[in-house]
Amino acid sequence: MDATASTAAEVSQRVLADLVEQFHADAAFLRYNDHNIRASKLVAEWPPRPNRPDPDPLELVHFASADPVFAYCAHGKEPIVIQLDPANDIYRAYQGQTAERHRVASPSVAIAPLVSRGLTTGLLGFIKFAGDTGCSRSQCAATALDWTRA
């Protein structure tokens, strides 16, 4: 799949769709780190949130955010799994689109930092709602961590 600057977001979204299907995840997102402004920028997500607010609180998130996912964006080098708190921005953003399909208290987010020459340039994230599989939180977290290493 060829990508240019003008098609990068669209191509990234198609790749995320393929990864969500392949890994049986519920959602995925790709973020780019802009270290000049100390923030993480949303590049693509799958599936797209149907009622994406304007302004979107996930579009640009500063590293200083108290949110553990975005705090890890800045310099994280190893894949991790985080259980989202219902007060978390990512949880609230994605729960709106999935509330009717998923009745879970806290989804798992597996984060794979994208590192180039020692600098964390972005991240690939997968969201799994435990209610889909019947697996325990620890089983879902282990599966999500495997996704990031595939």
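The values are calculated or read from the model by the stated rules, or taken from the named source; none is laboratory data. None of the values given here were measured: they were computed from a predicted structure. Because the Cβ atoms are built from the backbone with ideal geometry, glycine has one as well, and the counts that use them run over all protein chains shown.
Computed values, structure above
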quantity: All positions within the stretch 20-36 that are out of contact with any Leu (no Cβ under 8 Å at 6 or more places or on another chain), hydrophobic (A, V, I, L, M, F, W, C) and not in a strand (DSSP E or B); calculated: 20, 23
quantity: Members of the stretch 104-114 found to be at pLDDT below 60 and touching a Phe, Trp or Tyr at 6+ places or on another chain (Cβ under 9 Å), listed by number; calculated: 104
quantity: Residue 117 vs. criteria surrounded by fewer than 18 Cβ atoms within 10 Å (Cβ to Cβ) and at pLDDT 90 or above; calculated: yes
quantity: One residue from 18, 85 being modelled with pLDDT under 85 and over 14 Å from residue 122 (Cα atoms); calculated: 85
quantity: Residues located in the stretch 2-51, provided they are charged (D, E, K, R) and surrounded by fewer than 18 Cβ atoms within 10 Å (Cβ to Cβ); calculated: 2, 10, 14, 18, 21, 34, 38, 41, 49
